[in-house]
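Comments concern the structure below.
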Amino acid sequence: MAKTTNEAGYKKWLNRLRLGKLAYIWSVIRVLCTYCPCDVTLHIDGQVHQMKRIWLIAIANIPNYGGGMLICPQALPDDGVAEICVVQNVTRLGLLFAFPRIFTGAHVDHPNVVFLRGRQITIESEQPLLVHADGEMAAQTPIYVEIEAGRLRICG
């Protein structure tokens, strides 16, 4: 979704009108039409989680991203642990109706949303999936993420 939003001409236009959230909402609708969910294996601190029909995995150390979406409401920037939000095994229509709940954090109660926590996370998928970091394309799966408490690297 971040790739679709970043490449969309409407994002800049909507940001000028201070309607940036609408860019993400429109991108979700576009992605819903083309994305095919796939199975993913998560390794979190030595435990293996087999996840079916994954739409989204967000690993976060802050509660929100992308135009104010409260993706991981329990995430803290300084606790040395990542919150992991997994949206799985939901229909396109079900996802479309559930999506607005992400702006208030109400998605935490959705039966197809799972939250996990960890410091060492590996994501493997049956097909390469795009990985975004802070809204920018960063890699493809498989990917390894390690959270280090008390470290902040700033590149300039």
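The values are calculated or read from the model by the stated rules, or taken from the named source; none is laboratory data. Only a predicted model underlies this, so the values are computations on that prediction, with no experimental measurement involved. Note that we place each Cβ from the backbone using ideal geometry, even for glycine, and neighbour counts take in every protein chain shown. Remember, those area values only see protein heavy atoms, side chains included, never the ligands or the DNA or RNA. Shrake-Rupley method; radii C 1.70, N 1.55, O 1.52, S 1.80 Å.
Side notes on the structure shown:
- Selected residue (only one of VAL86, VAL81, VAL48, VAL40 is open to solvent by 80 Å² or more (accessible area, probe 1.4 Å) and within 13 Å of ILE121 (Cβ to Cβ)): VAL48
- Exactly one residue out of THR91, THR122, THR141 is open to solvent by 70 Å² or more (accessible area, probe 1.4 Å) and at pLDDT 90 or above: that is THR91.
- Restricting attention to the range 108-144 and to residues that are among the polar types (S, T, N, Q) and in a strand (DSSP E or B), the residue that is farthest from GLN47 (Cα to Cα) turns out to be GLN140.
- Odd one out for VAL108 among (1) loosely packed, with under 13 Cβ neighbours inside 10 Å; (2) more than 20 Å from CYS36 (Cβ to Cβ): (1)
- Selection status of PRO63, open to solvent by less than 80 Å² (accessible area, probe 1.4 Å), touching a Pro at 6+ places or on another chain (Cβ under 9 Å) and more than 19 Å from VAL145 (Cβ to Cβ): no
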